[in-house]
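Encoded as structure tokens, the structure appears first; notes follow it.
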Protein chains: 2
Amino acid sequence: MALQDTTEGSRGAPFVQSLERGLAVIRAFDGDHRQLTLSDVARRTGLPRAAVRRFLLTLVELGYVRTDGRLFSLRPRVLDLGYAYLSSTSLPEVVQPHLEDLVARVHESCSVSVLDGDDIVYVARVATKRLMTVAINVGTRFPAYATSMGRVLLAARPPAERAAYLRTARLDQLTRHTVTDPDRLAAVLAEVAGQGFALLDQELEEGLRSIAVPVRDATGGVVAAMNVSASARRGPEALYRDVLPPLRQAALAVEADLRRTA
Amino acid sequence: MALQDTTEGSRGAPFVQSLERGLAVIRAFDGDHRQLTLSDVARRTGLPRAAVRRFLLTLVELGYVRTDGRLFSLRPRVLDLGYAYLSSTSLPEVVQPHLEDLVARVHESCSVSVLDGDDIVYVARVATKRLMTVAINVGTRFPAYATSMGRVLLAARPPAERAAYLRTARLDQLTRHTVTDPDRLAAVLAEVAGQGFALLDQELEEGLRSIAVPVRDATGGVVAAMNVSASARRGPEALYRDVLPPLRQAALAVEADLRRTA
């Protein structure tokens, strides 16, 4: 059977619709949807059942999906795709030992993330005790404006890009402390750019404070942010005094390694 | 342009070739191939240049790939695909706090992995100091026969499946200690099945010992393995005496949580 598969994309380039649809089928599965029937996937993707059937059976044959004939679920091979990204960037490998050293010094969870659209995405993390209500893994996303790492990354964007973000980003009130006013956020980002770090005080989740610094590559561009998160019982002064110096040292050590591997 | 996209798969089911090819394009990128030209991707996938161009431009439009017009590289959005698997299984979330407790008790890196074909795939890890020459992340694969977790997982397979593995798996000599003889490996697996743990002595990498136990789900089936890896300076008796009891306790705690979430 021949499918009308390649269409004009929105930018005029040839667009392979089957690939978009197949990736959407993979992303139909998540923590609340671990086992799905064909109809479930059709409903969650908005695709016709016949197409969903073809995609699911293809993914079964390729080893990405398992099925008992009725229920479908993802197999670990799907991790290879995310792993392709992780191993295609030197960042996680370079930062990992430095994160481990930093955790040994500050006894709090430390992470590295990058900006992707309006979100930060975790690319490395060494966790101590769980502080947040949600589990954070490599690949976890949070809206950039409400995280210390996001503010460091947004503060490093060129002025026009930062202004466009402030015009278009959705700024939800996540706690009673979250800054959601674009003008106030603009002032916060300018302050972060000036001081070279961001201290976030319970704006993502009550009871949680974090402090982040930029990580620059060999060309001086900010490519990632590194942070330490702590219980709000540890006051902001303690983060500033006890955590910021080793955090900065860790970021400098990563930058030295990035220059070596560049 | 219409593509002949759906063909008969090897099991007679309809097969969407564009999806297979698009996923192959994503997997063309790795640590040694971080930035690729269109020709590079064509060479690495064996696909025609025209097809590769369509897939790459589609992935650019979907936000999975970035390009400067000549070089292509993966974007963090690719992690969402791996994350779909991680969040679609409760295992990483359930085991994470128990791994953290275990690391606090034994002061060595602890991991959980699952079997995928002939490989183990890491689904959770809490690392202390780096012992191995390669970085291990969630998604990292190793051949099952040469790892403590792999031996626990292989030992739990039904006899026919274990026999098929021993007939077909590629058993490379990774160090001078690696068991590569199928008959000897069969005896090792039988021993692991009997004693309920696997102790691996420098068979994956010189200087590295590890010990693993099975993790069972609510139905009693072995769904994962949990291990502790240590420098070979820590003798096998110390692993048996000091590490195995807390490792077993951690696995039991995970199993209790899995029964609760089942």
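If you run the Gaussian network model on chain B, springs between alpha carbon atoms under 10 Å, then out of B:Ile26, B:Ile136, B:Ile211 the most flexible one is B:Ile26. Would you please state which residues of the stretch B:236-262 a label at A:Arg34 would reach in this model, taking the label point 7 Å out along Cα→Cβ and a backbone N cut-off of under 13 Å? Only B:255-262 pass the distance filter. Charged neighbours of B:Thr178, selected by a Cβ distance under 14 Å, balance to -1 (K, R count +1; D, E count -1).
Ratio of Rg to Rh for the protein assembly as shown: 0.97 [Cα atoms; Kirkwood radius as inverse mean 1/r over pairs].
Rank B:Leu57, B:Leu252, B:Leu166 by mean-square fluctuation in a GNM of chain B with C-alpha springs under 10 angstrom and give only the top-ranked residue. Between B:Leu57, B:Leu252, B:Leu166, it is B:Leu57 that shows the largest mean-square fluctuation.
In the stretch B:46-175, Rg over Rh equals 1.07, where Rg is the alpha-carbon radius of gyration and Rh the Kirkwood radius from pairwise Cα distances.
Residue exposure proxy: B:Thr37, B:Thr140, A:Thr58, A:Thr168, ordered by other Cβ atoms within 10 angstrom of their Cβ from fewest to most, comes out as A:Thr168, B:Thr37, B:Thr140, A:Thr58. For the stretch B:17-78, the Kirkwood hydrodynamic radius comes to 11.2 Å, computed from all pairs of different C-alpha atoms. For the stretch A:97-190, the relative contact order is 20 percent, taking Cα pairs closer than 8 Å that sit 6 or more residues apart in sequence and dividing their mean separation by the residue count.
The stretch between A:Glu206 and A:Arg49, if pulled fully straight at 0.36 nm per residue, gains 52.2 nm over its current Cα-Cα span.
What's the angle, to the nearest 10 degrees (0 to 90), between helix A:49-61's Cα axis and the longest principal axis of chain A? Helix A:49-61 and the main axis of chain A meet at about 70 degrees.
Sorted from shortest to longest, the distances between the B:Thr67 label points of this copy and the other copies are 3.3 nm, with each point 7 Å from Cα along the line through the beta carbon. Please compute, over every Cα-Cα pair in the stretch B:89-261, the percentage with a separation greater than 20 angstrom. Summing the P(r) tail past 20 Å for the stretch B:89-261 gives 46 percent. Sorted from greatest to least, the principal axis extents spanned by the alpha carbons of the stretch B:185-239 come out as 38, 22, 19 Å. With the simple model of a label 7 Å out from the Cα in the direction of the Cβ, B:Thr175 to A:Ser231 spans 4.0 nm.
The 3J(HN,Hα) values that the Karplus relation (6.51, -1.76, 1.60; θ = phi - 60°) gives for the stretch A:143-157 are, in residue order, x, 4, 4, 9, 10, 5, 5, x, 5, 5, 6, 5, 4, 8, 6 Hz. Gly and Pro appear as x. Think of each Lys and Arg Cβ as +1 and each Asp and Glu Cβ as -1; about the Cα centre, that makes the dipole of the stretch B:143-262 roughly 180 debye. Here the Karplus relation 6.51 cos²θ - 1.76 cosθ + 1.60, evaluated at θ = phi - 60°, turns the backbone of the stretch A:187-199 into coupling constants of 5, 4, 5, 5, 5, 4, 4, x, 8, x, 7, 10, 10 Hz, with x for every Gly and Pro. Estimated purely from DSSP H runs of n ≥ 4, each contributing -39500 (n - 2.57), the mean residue ellipticity at 222 nm for the protein assembly as shown is -13000 deg cm²/dmol once divided by its residues.
Bear in mind these aren't lab numbers, they're just calculated from the coordinates by the rules spelled out. This structure is a prediction, so every number in the text was calculated from the model and none was measured. All Cβ positions, glycine included, derive from the backbone under ideal geometry; neighbour counts span all protein chains shown.
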